[in-house]
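What follows is a single structure, written as structure tokens, with notes after it.
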Amino acid sequence: MRYFDDINVGDRMALGTVTFTAEDIKTFAAQYDPQEFHMDEAAAARSHFGALCASGWHTVAAWMNLRVQYGRREDAERSARGEVIARLGPSPGFRELKWLKPVYAGDTITYASEVVEKRVTKSRPGWGIVFAKNTGTNQKGELVMSFIGSGFVERRPGAA
Amino acid sequence: MPKYYFEDFSLRWTAQYGPRRVTREEIIGFAAQYDPQPMHLDEEAARHTMLGGLAASGWHSCCIMMKLIADGLLLDTASMGAPGIDEVKWLKPVRPGDSLTVQGSVLDARASQSKPDRGFVKFLWEVFNDRGECVMTLVCPQMILRRHPGVPA
């Protein structure tokens, strides 16, 4: 992770892709979101979705995993160059999460993240909050998911 | 057959679901699969983070809440899913052993202007731990079928 002070609005990360199999969709749904259109092909076919589709929470959890993996690769590269790795804190929340299209079994979603806002916090000296618009796009190029996430990022020592 | 339709949700509606105990094993299990950051995976590493100790991924908290609401309400409701989430605030860490309770209330309920078979109910869900602290809030519009389509709400 770069320091808060080195992150710029407009910075964009291509996070990678996830393919949602019917088995993965049903396993996730059984644990966390057992509505029938996420659990059973026949019931899903009768629903307004028309076919088995992933829980919206599954589509954002998959984003989170790719975001963490991206950060690990970035940190490894920074270490290799002898650069300091800034600490990443927890997230105070998110807003404007939109599930725009169903993610059907077999769909491959490409995830990205773009910094949209930075804010210094008075309550946490030495830290700032970075806001990013996070998106998922299916193999047909349709935006299926977007939200504005946030997270604490360490400030460069002496920057405040 | 669903028990609850759009007409059953007024501004006076409230409900409570849980408690649901969250274990250390499931916190680490969810994190390993979906949010593998040290603060959600490893007690010792988590101690040195802003959270000060092992805590559930916020997405895990959302998922636990979703399951409580699904089992408690949505599976008996003519729900068509949610088009999104307006806002989530993660206010306090969810720790291993915490028992979570979800409290629901209705912020707004209106019939769809374009589709006479459904309406939108905007719920506020507040998640409390067993120390009475609110750990998370979520505002979510839910699409729900009307019991009597086309009759003005």
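Residues that are among the hydrophobic types (A, V, I, L, M, F, W, C), surrounded by 18 or more Cβ atoms within 10 Å (Cβ to Cβ) and within 14 Å of chain B (Cβ to nearest Cβ) within region A:94-108 comprise A:94, A:97, A:99, A:103, listed in sequence order. Is one or more of the residues making up region B:45-57 within 8 Å of chain A (Cβ to nearest Cβ) and polar (S, T, N, Q)? Yes - at least one qualifying residue is present in region B:45-57.
Among the criteria (1) of a type in the set (A, V, I, L, M); (2) touching a helix residue (DSSP H, G or I) at 6+ places or on another chain (Cβ under 6 Å); (3) surrounded by fewer than 22 Cβ atoms within 10 Å (Cβ to Cβ), the one residue B:139 does not fulfil is (2). Residues in region A:32-50 that are touching a His at 6+ places or on another chain (Cβ under 9 Å) and in a helix (DSSP H, G or I) were compared, and the one that is nearest to the other protein chains (Cβ to nearest Cβ) is A:32. Test residue B:50 against the stated conditions and say whether it is within 22 Å of residue A:148 (Cα to Cα) and part of a loop (DSSP other than H, G, I, E, B). So residue B:50 passes the test.
On the given criteria, is residue A:159 touching a Cys at 6+ places or on another chain (Cβ under 9 Å), surrounded by fewer than 20 Cβ atoms within 10 Å (Cβ to Cβ) and in contact (Cβ under 8 Å) with a residue 12 or more places away in the chain? Spelling it out, it is not the case that residue A:159 is touching a Cys at 6+ places or on another chain (Cβ under 9 Å), surrounded by fewer than 20 Cβ atoms within 10 Å (Cβ to Cβ) and in contact (Cβ under 8 Å) with a residue 12 or more places away in the chain.
Take region B:1-44 and flag every residue that is in a loop (DSSP other than H, G, I, E, B), closer than 21 Å to residue A:59 by Cβ and either more than 10 Å from chain A (Cβ to nearest Cβ) or not charged (D, E, K, R) (or both). Correct list: B:36, B:37.
Answer yes or no: is there a residue in region A:51-71 that is in contact (Cβ under 8 Å) with a residue 12 or more places away in the chain, in contact with a Lys or Arg (Cβ under 7 Å, 6 or more places away or on another chain) and within 14 Å of another protein chain (Cβ to nearest Cβ). No, the conditions are met nowhere in region A:51-71. The test for being within 12 Å of chain A (Cβ to nearest Cβ) and surrounded by fewer than 20 Cβ atoms within 10 Å (Cβ to Cβ) does not hold for residue B:122. The set of residues from region B:92-113 being surrounded by 15 or more Cβ atoms within 10 Å (Cβ to Cβ) and of a type outside the set (S, T, N, Q) comprises B:92, B:93, B:94, B:95, B:96, B:98, B:100, B:102, B:104, B:106, B:109, B:111.
Here's the yes/no breakdown for (1) more than 7 Å from every other protein chain (Cβ to nearest Cβ); (2) in contact (Cβ under 8 Å) with a residue 12 or more places away in the chain; (3) in contact with a helix residue (DSSP H, G or I) (Cβ under 9 Å, 6 or more places away or on another chain):
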| site | (1), (2), (3) |
| --- | --- |
| B:60 | yes, yes, yes |
| B:66 | no, no, yes |
| B:71 | yes, yes, no |
| B:77 | yes, yes, yes |
| B:84 | no, yes, yes |
| B:87 | no, yes, no |
| B:90 | no, yes, yes |
| B:93 | yes, yes, yes |
| B:96 | yes, yes, yes |
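A single member of B:105, B:112, B:61 is of a type in the set (Ser, Thr, Tyr) and closer than 27 Å to residue A:151 by Cα, and it is B:61.
For residues that are over 18 Å from the mean Cα position of the chain (by Cα) and either at pLDDT 95 or above or in a strand (DSSP E or B) (or both), tally how many sit in region A:87-122. Of the residues in that region, 5 qualify.
Scanning region B:13-28 for residues that are free of Cβ contacts under 8 Å to residues at least 40 places away in the same chain and surrounded by fewer than 13 Cβ atoms within 10 Å (Cβ to Cβ) turns up just one, B:25. Only one of the numbered conditions (1) at pLDDT 95 or above; (2) of a type in the set (A, V, I, L, M); (3) surrounded by 15 or more Cβ atoms within 10 Å (Cβ to Cβ) is violated by residue B:32, and that is (3). All conditions but one from (1) crowded, with 16+ Cβ neighbours inside 10 Å; (2) under 30 Å from residue B:77 (Cα atoms) apply to residue A:3; the one that does not is (2).
The values are calculated or read from the model by the stated rules, or taken from the named source; none is laboratory data. In this text, all values refer to a predicted model and were calculated from it rather than measured experimentally. Note that we place each Cβ from the backbone using ideal geometry, even for glycine, and neighbour counts take in every protein chain shown.
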